[in-house]
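Structure, as structure tokens:
The values are calculated or read from the model by the stated rules, or taken from the named source; none is laboratory data. What you see is a predicted model, and the numbers here were worked out from it, not measured in a lab. We place every Cβ from the backbone using ideal geometry, glycine too, and count neighbours over all the protein chains shown.
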2 protein chains.
Amino acid sequence: MADVQARMEGALARLLPASGLAPARLHAAMRYAVLEGGKRVRPLLAFAAGEVTQAPVERVEVAAAAVELIHAYSLVHDDLPCMDDDTLRRGKPTTHVQFGEATALLAGDALQALAFQLLAEHRLAEDPARQLEMARALAAAAGSRGMAGGQQIDLESTGNKLPAVELEFMHIRKTGALIEAAVRLGALCGGDCPKALEQYARRVGLAFQVVDDVLDAEASTATLGKTAGKDSKQGKPTYVSALGAGAVRAFAEELRRGARESVAPLGAAARRLAELADFIVLRKF
Amino acid sequence: MADVQARMEGALARLLPASGLAPARLHAAMRYAVLEGGKRVRPLLAFAAGEVTQAPVERVEVAAAAVELIHAYSLVHDDLPCMDDDTLRRGKPTTHVQFGEATALLAGDALQALAFQLLAEHRLAEDPARQLEMARALAAAAGSRGMAGGQQIDLESTGNKLPAVELEFMHIRKTGALIEAAVRLGALCGGDCPKALEQYARRVGLAFQVVDDVLDAEASTATLGKTAGKDSKQGKPTYVSALGAGAVRAFAEELRRGARESVAPLGAAARRLAELADFIVLRKF
């Protein structure tokens, strides 16, 4: 994991525009929002999926960077005053606190554009049609039926108690879609994405958000590097509020086992994916 | 022009997610931001460029829609309180006035994703590599070295008097980049983009912004459908403030003639492009 994380930091630092390049302040904000932070869960998943299809790592790091840029932009916009209005992220002041709202907004916008630029301008597959498929998958995951749509539902549900089935609908979009895209893009760098990986990705994507809800309720701000207890303070419906902490932990455990089962038939090539299911469910931050 | 505009309205209405589809409020905001408004200058340019390379219109309308979605999202974000804080656009309340800031932010984000989704999922060229080239061109035009970068420079220059050469640097990014992308994507739907078209696009892109500056200073809010006189009120550097209205009109005329000359060697196939140079410079709104 540490190897992949170090490799990703290098790739992201190289693929983002240099901070001296004009407009320098915008580029500084983009780098600030992306570098030195985050667990890089999506890149870890992309690399692990790439192992299944024997994808060259130089390709996977570009595809993983594209996914991570979408994730990073969503955090910048999500933290803005008109959304969650948060001041702390990854243990640092949020991008708009550091650079101002307008620059943070534009930095998020430019990060999204850069993600698609990376997918279009690097050679990530023998067949360019497969590369178009990657761009399509990432765009769908980021858009109104994916991540942005999930955030909209989140927005509208604040203050309401949602039943677990609607929570799932929201989370599959808000977090799950991009996690699925990470697995898929990583695999596509080497060949077709096996069906088993798609099932794995759905389970892990949901598990990630379920655990996030538990951590928001139980961990400290210092451990998380972001404001803890935010969900209940903002009246957001979570798995914890819908099911109670005990049932949620059992649900996460079920998803972890399910994710491991999904990829078991792939044997040793899927070892990293199985380990990541554990990491995602058993993490403390 | 009216034919192309009507065709584009139909294409955009069809390519945007239906407003009944969940999350309905987000989709309603996206449709509100895009439909029933605008001169559709970028689609007009894409169609005119497509005539030069004999591009099938079913392809051009998708490529033109992608460019127009990027343009529409940039207006939504540009109008937000943390940016220009504007309440009127295309004769209607701006998207955040109508739907709230958070939904407007997400609608802009989702429109950008949809633009790339359209380019990736429709068949726009025989060769998928050419289609990747379209996605690359649009992403570069939208990103930190294109439109978003131009808006950042605009932001930072407010309150300063910029020399004309720096204004040009800003406008080539803020407006020019996306107009160039419109011409280029339209042409690429039929074949290679002739060098003459790229020169034409640079001239027309700059002319568009130069004329915009004049109109902001001289036309009324009713004619423009957006708040007039905003630039000087906000202390933004413009061509009018840098050169004076007379010199700016002469500059626009020079660009118009230059744009027509660029495409003259292409003969009758470039008739629409020549007419659009006139339309862009001689328009009153």
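Among the residues of the stretch A:63-86, the one identified as among the aliphatic types (A, V, I, L, M) and surrounded by fewer than 21 Cβ atoms within 10 Å (Cβ to Cβ) is A:83. Among the residues of the stretch A:62-118, those that are within 13 Å of another protein chain (Cβ to nearest Cβ) and among the charged types (D, E, K, R) comprise A:78, A:79, A:84, A:85, A:101, A:109.
Scoring residue A:87 on the criteria (1) touching a strand residue (DSSP E or B) at 6+ places or on another chain (Cβ under 7 Å); (2) within 23 Å of residue A:204 (Cα to Cα); (3) not charged (D, E, K, R) leaves a single failure, condition (2).
Scanning the stretch A:148-166 for residues that are more than 17 Å from the chain's Cα centre (by Cα) and of a type in the set (A, V, I, L, M) turns up A:153, A:155, A:162, A:164, A:165.
Looking across the stretch B:16-60 at every residue that is modelled with pLDDT under 95 and over 15 Å from residue B:107 (Cβ atoms), the one that is farthest from the other protein chains (Cβ to nearest Cβ) is identified as B:39. Restricting the search to helices (runs of 4 or more DSSP H) fully inside the stretch B:193-270 and requiring at least 2 residues that are polar (S, T, N, Q) gives B:195-218, B:221-224.
Can you tell which of B:145, B:136 is in contact with a Pro (Cβ under 8 Å, 6 or more places away or on another chain), surrounded by fewer than 24 Cβ atoms within 10 Å (Cβ to Cβ) and within 29 Å of residue A:22 (Cβ to Cβ)? On inspection, the qualifying residue turns out to be B:145. Scan the stretch B:159-170 and tell me whether some residue there is outside any loop (DSSP other than H, G, I, E, B), more than 14 Å from chain A (Cβ to nearest Cβ), in contact (Cβ under 8 Å) with a residue 12 or more places away in the chain and not β-branched (Val, Ile, Thr). Yes, there is a match, as at least one residue in the stretch B:159-170 is outside any loop (DSSP other than H, G, I, E, B), more than 14 Å from chain A (Cβ to nearest Cβ), in contact (Cβ under 8 Å) with a residue 12 or more places away in the chain and not β-branched (Val, Ile, Thr). Summed over the stretch B:1-39, residues that are among the aliphatic types (A, V, I, L, M) and touching a residue at least 24 places away in the same chain (Cβ under 8 Å) total 14. Looking across the stretch B:132-151, the residues that are assigned to a helix (DSSP H, G or I) and facing chain A (nearest Cβ under 7 Å) come down to B:132, B:135, B:136, B:139, B:140, B:142, B:148, B:149, B:151. Of all residues in the stretch B:119-131, those satisfying the criterion of being more than 7 Å from chain A (Cβ to nearest Cβ) and crowded, with 24+ Cβ neighbours inside 10 Å are B:119, B:124. Tallying residues that are under 20 Å from the mean Cα position of the chain (by Cα) and more than 17 Å from residue A:176 (Cα to Cα) within the stretch A:238-252 yields 0. Pairs are defined by a Cβ separation below 7 Å, a sequence spacing of at least 6 or placement on different chains, a first member in the stretch A:253-272 that is under 16 Å from residue A:50 (Cβ atoms), and a second member that is modelled with pLDDT of 95 or more and small (Gly, Ala, Ser); the pairs so defined are A:263/A:196; A:263/A:270; A:263/A:274; A:266/A:196; A:272/A:48.
A single entry from A:129, A:115, A:107, A:177 fulfils the requirement of being in a helix (DSSP H, G or I), without any contact (Cβ under 8 Å) to a residue 40 or more places away in the chain and under 20 Å from residue B:73 (Cβ atoms): A:177. The set of residues from the stretch A:4-29 being in contact with a Phe, Trp or Tyr (Cβ under 9 Å, 6 or more places away or on another chain) and either over 20 Å from residue B:148 (Cβ atoms) or acidic (Asp, Glu) (or both) comprises A:4, A:7, A:8.
Check residue A:155 against each of (1) within 13 Å of another protein chain (Cβ to nearest Cβ); (2) assigned to a helix (DSSP H, G or I); (3) over 25 Å from residue A:79 (Cβ atoms) and name the one condition it does not meet. Here residue A:155 clears every test but (3). Considering every residue within the stretch B:71-83, establish whether at least one is in contact (Cβ under 8 Å) with a residue 40 or more places away in the chain, closer than 27 Å to residue B:190 by Cα, touching a helix residue (DSSP H, G or I) at 6+ places or on another chain (Cβ under 8 Å) and of a type outside the set (Val, Ile, Thr). Checked the stretch B:71-83: at least one residue is in contact (Cβ under 8 Å) with a residue 40 or more places away in the chain, closer than 27 Å to residue B:190 by Cα, touching a helix residue (DSSP H, G or I) at 6+ places or on another chain (Cβ under 8 Å) and of a type outside the set (Val, Ile, Thr). Taking the stretch A:64-93 as the range and being in a helix (DSSP H, G or I) and polar (S, T, N, Q) as the test, only A:74 passes.
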